[in-house]
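The block underneath contains the structure these notes are about, expressed in structure tokens.
No value in this document is a laboratory result; all are computed from the given coordinates. Just so you know, these numbers come straight off a predicted model, no measurement behind them. Cβ placement follows ideal geometry from the backbone for every residue including glycine, while neighbour counts extend to all protein chains displayed.
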Amino acid sequence: MKPHRKPPVAARKPDFFPAENVVTGWDARHLADHTEFDDYHFRNCDFSGADLSKLRFASCLFERCNLSSARLAGTALQNVAFAECKLLGLQFTACRDLLFGVHFDQCQLRYASFAGRQMPGTPFRGCGLDEADFADADLSGAVFQDCSLAGAVFQKTQLGGADFRTATGFSIDPERNQLRQARFSLPGLLGVVAKYELLVE
């Protein structure tokens, strides 16, 4: 008899920041003299199109920030939270592997790529993930709470124990993805069996 495995859980979302590390209205120019950011709270910052390559962010929170099309080559995101952010087209797949960990609340993630990422237990809450790429990613135990997933790519994705009960728009092929103990609402199951052209009444 196999022992019962607990579902993976993401690290605790960062919620404490020294006063001097709470910054508002920054743009890419403010990052020029830094290579590492520990325990920073970025508010209403515009880093759209910025080159964040090789920077390290640890236990940080981005709130109401725009990072759309920013470059993330070798960027370290270590327990980093995003709240109400625009993250359109971000290539998270280019981030450094070491200690990669993210949280998303009410974020716009259309066309973002998480292909090949190891991110078990990651929470996505109230996010627009249309056309996002999750191919070859490990999303075991991830939570897609109230998320839109129209056109999102799931191919050879580890989704064991993932929660899709309140997600919408997704299409997941059970023969090409690992879905053991994944959670779906009854209407959501149509997105899993769509390829079989079944009539559910």
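General observations
- For the pair Leu186 and Ser53 in one chain, pulling the backbone fully straight at 0.36 nm per residue adds 43.6 nm over the alpha carbon distance.
- Spatially proximal aspartates and glutamates relative to Lys86 (Cα-Cα < 18 Å; intrachain offsets below 8 disregarded): Asp27, Asp46, Asp51, Glu63, Asp105, Asp130, Glu131, Asp133, Asp146
- Separation between Cα centres of segment 150-179 and segment 22-83, rounded to whole Å: 29
- Extreme residue, positive dipole direction of the chain, given options Ala58, Gln78, Ala162 (C-beta unit charges): Ala162
- Taking label points 7 Å from Cα along the Cα-to-Cβ direction, Ala11 and Thr168 give a separation of 3.4 nm.
- Most to least packed among 14-27, 67-80, 36-49 [average Cβ atoms within 10 Å]: 67-80, 36-49, 14-27
- Convex hull per residue volume in Å³, alpha carbons only, for the chain: 114
- Among Ala150, Thr24, Gly89 - extreme Cα towards positive end, dipole of the chain, charges at beta-carbon: Ala150
- Listed residues Leu129, Leu88, Leu98, most fluctuating in the chain (Gaussian network, C-alpha, under 10 Å): Leu98
- Straight-distance crosslink candidates among aspartates and glutamates, where the alpha carbon sits under 15 Å from Lys54 and sequence neighbours closer than 8 are dropped: Asp33, Glu36, Asp38, Asp97
- Using alpha carbons only: equivalent-ellipsoid semi-axes of segment 109-191, gyration tensor based, whole Å: 15, 15, 12
- Taking only the alpha carbons of segment 11-98, we obtain Rg and Dmax values of 11.7, 32 Å in that order.
- Cα-centred dipole magnitude for segment 109-191, charges only on beta-carbon of K, R (+1) and D, E (-1), debye, nearest 20: 180
- In a fully extended conformation the segment linking Ala150 and Leu98 would gain 15.7 nm over its present Cα-Cα distance, using 0.36 nm per residue.
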